[in-house]
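The values are calculated or read from the model by the stated rules, or taken from the named source; none is laboratory data. Fair warning: this is a prediction, and the values are worked out from it, not measured in the lab. Ideal geometry is used to build each Cβ from the backbone, glycine not excepted, and the neighbour counts take in all protein chains shown. Quick note on the areas: whole protein, heavy atoms, side chains included, nothing else; ligands and nucleic acids left out. Shrake-Rupley method; radii C 1.70, N 1.55, O 1.52, S 1.80 Å.
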Amino acid sequence: MSADVTEDVTVPAGIELTIDLNGKKITNNGGNTITNNGTLTITDSSETVGTIDNVTHGKAAIWNNGTMTVYSGTITRSKEDGTVNGNSYYVILNHGTMTIGKDNGDNDNIKVKADGGFSSLFENGWYDGNKNTSKKNSVLTIYGGTYTGGINTVKNDDYGELTIEDGLFT
């Protein structure tokens, strides 16, 4: 990326894409900031770590339905109110296969955070398992990073497979 952007990014099924945040910020424009239905990799080649932010009630910073890997970046809901009637939702919702960090790698530039305490930082799987029409598991692997906030930092729901190798969770 060469500049901060305000838009809802959707990666279609069958597309393979890498987003280099390059120290910049992606803020949503009313929907999920990034919805991935394909294969998506998030990196950051700059010394200043970029941000994926969501500012809209009921929308995630990342909604993954495909295959996704995050190697660097700050992922947040900066306007999180933390109340039932306020601006609240998961920062990351995973209904696909998601890997965060590298096994035995430097994962210090991965940060997921929210100020509110009403929604979880992550939802892996399905809050209502009956809505999982494919009956496929959501697979989340975390190799490291810093995770701050949420009523539950990582919520592993119905059809969720979760592996945590390392990281700081508060």
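When the stretch 109-119 is filtered for residues that are at pLDDT 95 or above and over 27 Å from Ala13 (Cβ atoms), the ones remaining, listed by number, are Asn109, Lys111.
Matching residues to (1) more than 14 Å from the chain's Cα centre (by Cα); (2) under 22 Å from Thr146 (Cβ atoms):
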position	(1), (2)
Ser2	yes, no
Pro12	yes, no
Asp20	yes, yes
Asn37	no, no
Val49	yes, yes
Thr56	yes, no
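Would you be able to tell me the number of residues in the stretch 49-81 that are under 13 Å from Ala114 (Cα atoms), assigned to a loop (DSSP other than H, G, I, E, B) and in contact with a strand residue (DSSP E or B) (Cβ under 7 Å, 6 or more places away or on another chain)? Residues meeting the conditions: 6. Counting the residues of the stretch 137-165 that are open to solvent by 60 Å² or more (accessible area, probe 1.4 Å), without any contact (Cβ under 8 Å) to a residue 60 or more places away in the chain and among the charged types (D, E, K, R) gives 2. Taken as a whole, the stretch 92-104 holds at least one residue that is acidic (Asp, Glu), open to solvent by 60 Å² or more (accessible area, probe 1.4 Å) and at pLDDT 95 or above. On the given criteria, is Ser134 hydroxyl-bearing (Ser, Thr, Tyr), surrounded by fewer than 17 Cβ atoms within 10 Å (Cβ to Cβ) and assigned to a loop (DSSP other than H, G, I, E, B)? Answer is yes for this residue. Close Cβ contacts (under 9 Å, 6 or more residues apart or on different chains) running from residues in the stretch 84-103 that are in contact (Cβ under 8 Å) with a residue 12 or more places away in the chain and under 10 Å from Asn124 (Cα atoms) to residues that are open to solvent by 30 Å² or more (accessible area, probe 1.4 Å) and small (Gly, Ala, Ser) comprise His95/Ser134. Within the stretch 137-170, the set of residues being assigned to a loop (DSSP other than H, G, I, E, B) and touching a helix residue (DSSP H, G or I) at 6+ places or on another chain (Cβ under 8 Å) comprises Asp157, Tyr159. Can you tell which of Gly38, Gly86 is more than 23 Å from Val154 (Cβ to Cβ), open to solvent by less than 20 Å² (accessible area, probe 1.4 Å) and of a type in the set (Gly, Ala, Ser)? It is Gly38.
Residues that are open to solvent by 60 Å² or more (accessible area, probe 1.4 Å) and assigned to a loop (DSSP other than H, G, I, E, B) within the stretch 105-127 comprise Asp106, Asp108, Asn109, Asp115, Phe118, Tyr127, listed in sequence order.
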